[in-house]
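Student: Got a structure for you, questions after.
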Amino acid sequence: MAEHLADGLFVGPDNYVPRLGTGDDACTVEILRRRSDGQIVPVWSVVLDGPKAARTLYDWMMTNPPSWSMWGRLSLRVGPEAAGRLIIRAADEHERVRIEQERLRRENQKEQARLSRQITLYYYDPKKKAPSLGLERGSENSPFFRMTFTEKWERDRVLDWLTNQRAHFADMEELWAEHGALALERHILAGMRETERVVKARGDSAGGRRPLRFWRGE
Amino acid sequence: MMAGGLIPVGGGSKLPVGPATSDPGRVGRPSMMLARSLSGRPLQFGADIKLPLRGGDRLGPSGIVSDLELDWEPELMRFVEDACLDQRIRGRDWFALPPVLLGGEAGVGRTHVARRLARAAGVPHIMFDATTWMFTWRCAGPDVHLPLPIAAAMAASGCANPVVSVTGVPRATPAMVDLLIRLVDRSINESFVDQAAGVVVDYSAVTWIVHAPPRRPASGPQAYRHYQQSVDPEPHVPAALARHLHRIDLQDVAPEQYQLLVVDLLAEVLDDLGVPLPPLMDLQALFDLAGQWRDLSVGEIYDRLQIEVRLHVDDHPL
C-alpha cells in the first residue's frame, strides 16, 4: 500500500531504501520505492527466522547504498524472487566471508600470542661491522637485546654458554625490561664466567679462548 | 478499381461518444476507425473496424513515467511526462507522444528506449525501415504498388496508437522522405491516403520515433573536418522531415547506473523470450560478467544477455 512521503526515509536522489520492520513485523526487511508522484510503495520484502536475522540482513543492506536502486529495480522489472535471490545470496556470502575473516583473525591472534612467548637467540656477522648476538621475540622483527663484540671469538665464547640457557630467556627478558640492556649483559657475562670456572674445575673445559666450546649445558 | 469519394476519418471519430464506444467488447476504452475503403469494397485486412486506443490508464504519474524510471535520460523523461500531462489535460484517454527524432552516440540504445516506451504504455512497437524503396518506386504497366505495412501491423496488433520506430532515414530516397513527412505531420496524417491499399488511414494517434544517425566522432583539426564534411557529408535527417520532429539526444549511461541498464535489458530479454528468470541462473555472476561489456552497444549487451538466459532455459536451446 502506498504511503505518504516520510521525512528522512530517503536520502539524496536515491528512490529506493531498505527498511526494517518493527513490532509484529520485526522479522521483516523490505525495500521501499519513492515514485515520481511522491508515493512510497514496497517493492520487495522478506520475512526471516527472527528479529536478529532480520537486523543482520538490514544492517548489511544499509552498508551497500549503491546497490539499493539495482535491487529495487530488479524486483520491479524481473520480479521479487529474482531480487531476493540476489540479495540473500550476497548477504550470505558476506556473512560467510565475515565469519572466515573472524576465524583467521582469532587464529592469527593465537599464533601471535604463541610467537610472543617464544624467544630465539640469533648471531650476526654483518660485513665490515662488529659481530653480535641478539635475543628476539617470535612476534617481532628485530631483537629486543643485542650484544656487540670486537672479535668473533668473543661473541662465540658467550654463545657457547648462552645457547644452553634457553629455559632462562624469558627471565633474561624480564631482567632486560626491568634493568636495561647493560644489566642483562653483566648477568650473561657473570653467568658465563661462573660456568667456565665450574667446568674448568671439573676438568671438562676445552681450554683456549672458548672454554665452553664442547659444553652442552647442565 | 472504382474509387469512392474520400471519407474523412479521425478527429471526432476518436472521441468517445456518450459513455464510451458502442462496441460492447471495449466498454470504457476509446477507439477510432483506423481506415476506410476508398472504393467502398470491404478491405482485405479488415481495417474497417474500430481499433482500441490504449494507454489511457497509464498517463498518470504512477504509470508510464514511473515505470520508465530512466534517470539517466532527464530530457526524455521530461518530454514523456509533459506529453502524458498534455493528453490528460486535453481529455485524450490514450497514450501518444509528439513525433520524436531520437539522437545520441552509436549504440546508445534508441531501439531499446522505443521498446521500453511501448511496453510502459502498453502499446505495440512497430519497426519500419525507411531505406526500402518498395513502397515508393515508380510503378507502371502490370506493376502493383505495395501498401504500407504499418496500417496492417496496427490492424494485426489491434491497436490504433502504437509506437513506430523509423530507421535508416539518412539513406531514404526523396520519395520516402516525402512519405515520412506525410506520416508524421500532425496537420495531415489524420487522413493519410494509401493509394496502394485503397484506403485513407488515420495515423494521428501513432507515436513516431525517427532514429537519428549517430554523430560522427570528431577527429583531426577543424580544417580537415570541414574538408571531410564536404566530400563525405555526415549522414543526417533531411531538414524538411526534421522540422516536424522534436529532437531528443539520448545520453550514455553513467558508470554508477550501468547495472540499472543491465537490469532493464535482462527484463526485456525475459519478456521477449516469454520465460521467467531461470532458477539456476547465478545473477551475481551475470552482473559481474555484464560489467565486462561496458564498452559494447546496448544491442550487443542485449544479445549477450539473451545468450546467457537461453543457456539456462531448456525450451530454447541455442
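The values are calculated or read from the model by the stated rules, or taken from the named source; none is laboratory data. Since this is a predicted model, take the numbers as computed values, not measurements. Methodologically, a virtual Cβ is constructed for each residue, glycine included, from the backbone with ideal geometry; neighbour enumeration extends over all protein chains shown.
Student: Can you go through B:A196, B:A205 and tell me which one is assigned by TED's automatic domain parsing to the domain that holds B:F128, at pLDDT 90 or above and part of a loop (DSSP other than H, G, I, E, B)?
Tutor: B:A205
Student: Exactly one of (1) over 22 Å from A:L9 (Cα atoms); (2) of a type in the set (V, I, T); (3) away from chain B (no Cβ under 14 Å) is unmet by A:T28. Its number?
Tutor: (1)
Student: Considering each of A:W60, A:W68 in turn, give the residue that is touching a helix residue (DSSP H, G or I) at 6+ places or on another chain (Cβ under 7 Å) and of a type outside the set (V, I, T).
Tutor: Result of the check over A:W60, A:W68: A:W60.
Student: Given the condition touching a His at 6+ places or on another chain (Cβ under 9 Å) and not assigned by TED's automatic domain parsing to the domain that holds A:S139, answer yes or no: does some residue in region A:20-38 qualify?
Tutor: yes
Student: Another question, then. Mind listing just one residue for me: the one in region A:152-180 that is over 33 Å from the mean Cα position of the chain (by Cα) and hydrophobic (A, V, I, L, M, F, W, C) and, of those, surrounded by the fewest Cβ atoms within 10 Å (Cβ to Cβ)?
Tutor: The selected residue is A:W153.
Student: Restricting attention to helices (runs of 4 or more DSSP H) lying wholly within region B:50-160, give those where 2 or more residues are among the basic types (K, R) and over 15 Å from B:T207 (Cβ atoms).
Tutor: B:74-89
Student: A further question on this structure: What are the residues in region A:73-123 that are within 14 Å of another protein chain (Cβ to nearest Cβ) and of a type in the set (S, T, N, Q), if any?
Tutor: A:S75
Student: I want to confirm something. Restricting to region B:249-265 and keeping residues that are of a type outside the set (D, E) and part of a loop (DSSP other than H, G, I, E, B), which single residue is surrounded by the fewest Cβ atoms within 10 Å (Cβ to Cβ)?
Tutor: That would be B:A254.
Student: Sticking with this structure for a sec: So, B:L76, is that one hydrophobic (A, V, I, L, M, F, W, C), out of contact with any strand residue (DSSP E or B) (no Cβ under 6 Å at 6 or more places or on another chain) and in contact (Cβ under 8 Å) with a residue 24 or more places away in the chain or not?
Tutor: No: the conditions fail for B:L76.
Student: Taking the condition assigned to a helix (DSSP H, G or I), at pLDDT 90 or above and more than 30 Å from A:W176 (Cα to Cα), does A:W44 pass?
Tutor: Taking the combined requirement at face value, the residue does not satisfy it.
Student: Now, a different point. Would you point out which residue out of B:H112, B:H125 is more than 14 Å from every other protein chain (Cβ to nearest Cβ), within 27 Å of B:V177 (Cβ to Cβ), surrounded by 15 or more Cβ atoms within 10 Å (Cβ to Cβ) and within 15 Å of the chain's Cα centre (by Cα)?
Tutor: Answer to the check: B:H125.
Student: Six or more apart or on different chains, Cβ atoms under 8 Å: show the pairs whose first residue is in region B:178-198 and buried (at least 18 other Cβ atoms within 10 Å of the Cβ) and whose second is among the basic types (K, R).
Tutor: B:N189/B:R182; B:F192/B:R182; B:G198/B:R41
Student: Follow-up question, since we're still on this one. Return yes when B:R78 is out of contact with any helix residue (DSSP H, G or I) (no Cβ under 7 Å at 6 or more places or on another chain) and under 18 Å from B:V253 (Cα atoms) and no when it is not.
Tutor: So B:R78 passes the test.
Student: Please give the number of the condition A:S67 fails out of (1) more than 11 Å from every other protein chain (Cβ to nearest Cβ); (2) not in a loop (DSSP other than H, G, I, E, B).
Tutor: Here A:S67 clears every test but (1).
Student: For region B:266-282, which residues satisfy the criterion of being more than 9 Å from chain A (Cβ to nearest Cβ), loosely packed, with under 15 Cβ neighbours inside 10 Å and in a loop (DSSP other than H, G, I, E, B)?
Tutor: Residues satisfying the conditions are B:G274, B:L280.
Student: Select from region A:29-73 the residues that are surrounded by fewer than 16 Cβ atoms within 10 Å (Cβ to Cβ) and of a type in the set (K, R) and list them in ascending order.
Tutor: A:K52, A:R55
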